[in-house]
Amino acid sequence: PSQEVVGFIGTGAIARNMARAAAAVRPFQGVAYALDEAMAEDFAKEMGEELGMPFQVVKSAEELCNISDVIFTQTPGSSTVLEKEWLKESGVTIIASGSDQPTKQEIPNDVLVASKYISDLTKQTSKVGCLRGALQAGVMTEADVYAELGEVVNGDKPGREGNEIIVVDLTGTGAQDAAIGQVAWDKLSQL
């Protein structure tokens, strides 16, 4: 599937960093949604100017999901932020970084079950990530985890293999955070 439209559900500081990281990889059309519409408008304006790419604000998470090829979720709330029926049939990559506490789950269990699920660290996402909810509901086991992110990044396991839902569950690891920070610093230093 295309990777041209990148959606952001939640438009705070993490979303800005995710937009910058995505822009370092390839150009895209940005779509933003947040419960606070003024915050979404600010995000779209600032990121559009900074990255030199078009950004628009949509009225609902459903509208965002209907048109996005890649979806970043980074919200502070404890409820899910999208539904399986909203996702494009041609496949989508969801990068979930808001479920970083045992009380939070951004991605519903039916999406996790239907996805190629990739964790940053399975032992961690099973306790504080989206995987935790699916394990507690009995709809997934740790054996259902396709890969840890490092296995995909270093080529041990392939990433996208067609029109599939991919969920990348990021709860944050010190080593990854440091590596991401270094890459971002290196990219920004070249500007």
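The values are calculated or read from the model by the stated rules, or taken from the named source; none is laboratory data. Please read these numbers as outputs of a predicted model, since none were measured by experiment. Calculation scope for accessible area: heavy atoms of the full protein, side chains included, ligands and nucleic acids excluded. Shrake-Rupley method; radii C 1.70, N 1.55, O 1.52, S 1.80 Å.
Seen against the Cα atoms of the chain and their longest principal axis, helix 174-189 is set at about 20 degrees.
With n ≥ 4 as the cut-off for DSSP H runs, can you work out [θ] at 222 nm for the chain, using -39500 (n - 2.57) per run divided by the number of residues, rounded to the nearest 500? Result for the chain, helices only: -11500 deg cm²/dmol.
With only the Cα atoms considered, region 125-176 has a convex hull volume of 88 Å³ per residue. Relative contact order, whole percent, for the chain stands at 20, derived from Cα pairs under 8 Å and 6 or more residues apart. For residue 166, the residues 5 or more places off, or on other chains, whose built amide H falls under 5 Å of its own are 92, 93, 94, 116.
Which percent of Cα-Cα pairs in region 29-146 sits in each 10 Å bin, short to long? Taking all Cα pairs of region 29-146, the binned fractions are 14, 43, 31, 12, 1 percent. Couplings 3J(HN,Hα) for region 133-139, derived from phi with the Karplus relation 6.51 cos²θ - 1.76 cosθ + 1.60 (θ = phi - 60°), are x, 5, 5, 4, 7, x, 9 Hz, where x marks Gly and Pro. Straight-distance candidates among the aspartates and glutamates for linking to residue 45, with alpha-carbon spacing under 14 Å and chain neighbours fewer than 8 residues away dropped: 37. Between the amide H of residue 7 and those of 31, 69, 70, 71, 72, distances stay under 5 Å, these residues lying 5 or more places away or on another chain, with hydrogens modeled in the peptide plane. With respect to the chain, whose longest principal axis is taken over its alpha-carbon atoms, helix 13-25 is tilted by about 80°. Average accessible surface for region 85-131: 36 Å² per residue, computed with a 1.4 Å probe over protein heavy atoms with every protein chain in place.
Our summary gives region 22-111 a relative contact order of 24 percent, counting only alpha carbon pairs under 8 angstrom and 6 or more residues apart. Amide H to amide H, with H built 1.01 Å from N, residue 120 comes under 5 Å of 149, 169, 171, counting only residues 5 or more places away or on other chains. Would you mind telling me the share, in percent, of accessible area of the chain contributed by carbon and sulfur at probe 1.4 angstrom? Carbon plus sulfur share of accessible area: 55 percent.
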